[in-house]
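Everything below concerns the one structure shown next.
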Amino acid sequence: MKKDDCIFCKIANGEIPSNTICEDDEFRVILDNGPATKGHALVLPKEHYADLFEIPEDLAGRALGMAKKAGEKIRAALSADGLNIVQNNGECAGQTVSHFHIHVIPRYRNDGQLIGWKPGSPSAEELAEIRKAVNGEADA
Ligand code: AMP
Ligand code: ZN
């Protein structure tokens, strides 16, 4: 299903022009208009799913396949030195457009871009507590 007021639905389905770098029946890959680096692209499904929690697992798998294909094409064409795959879900995680998308971000040595996080330093006990909470394990 498409969503009427969704800009990525319109772009993915060709109703709004975009700089498309590859496309198939299920996805359109476009250049991001606010790129982190030269060649930053977005894999957009043609059907509307808000995020990773909504998109069916098999389609999400094929979206990653499309990201790989696009990443290889971009890397070869622009002589990138590396590549980040980023996928944000929820406003607090940096998602600004509520239509599932995968960022394909070519990296260049010394590109000065920051994509990462500040590592924490949990104790062994804290990690075990989190594991138990996630796995629904009872306390011994
Ligand atoms: P996110 O913050 O993960 O939701 O990513 C949204 C991305 O979409 C950002 O990197 C924006 O620069 C990009 N973006 C938003 N609108 C457009 C558009 N019309 N064409 C291309 N990229 C867009
Ligand atoms: Zn949409």
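The values are calculated or read from the model by the stated rules, or taken from the named source; none is laboratory data. This is a predicted model, so every value here is computed, not measured. Quick reminder, even Gly has a Cβ in these numbers, built from the backbone with ideal geometry, and neighbours come from all protein chains shown. The accessibility values were calculated without ligands, DNA or RNA, using every heavy atom of the protein model including side chains. Shrake-Rupley method; radii C 1.70, N 1.55, O 1.52, S 1.80 Å.
Within the range 1-11, the set of residues being more than 11 Å from ligand 1 (Cβ to nearest atom) and either of a type in the set (S, T, N, Q) or within 16 Å of the chain's Cα centre (by Cα) (or both) comprises just one member, Cys9. Could you tell me which residue of the range 104-124 is farthest from Pro56 (Cα to Cα), considering only residues that are open to solvent by 30 Å² or more (accessible area, probe 1.4 Å) and in contact (Cβ under 8 Å) with a residue 60 or more places away in the chain? Step by step, filter the range 104-124, then rank; the result is Asp111. Yes or no: Leu83 more than 11 Å from the chain's Cα centre (by Cα), in a strand (DSSP E or B) and not hydroxyl-bearing (Ser, Thr, Tyr)? The answer is yes for Leu83. One residue stands out among those in the range 99-124 that are within 16 Å of ligand 1 (Cβ to nearest atom) and hydrophobic (A, V, I, L, M, F, W, C): the one that is farthest from Leu83 (Cα to Cα), which is Phe100. Taking only the range 74-98 into account, find how many residues are closer than 30 Å to Glu47 by Cα, away from ligand 1 (no atom under 16 Å from the Cβ) and among the charged types (D, E, K, R). Number of matching residues: 1. The set of residues from the range 1-42 being in a loop (DSSP other than H, G, I, E, B), open to solvent by less than 90 Å² (accessible area, probe 1.4 Å) and within 16 Å of Arg62 (Cα to Cα) comprises Asp24, Glu26.
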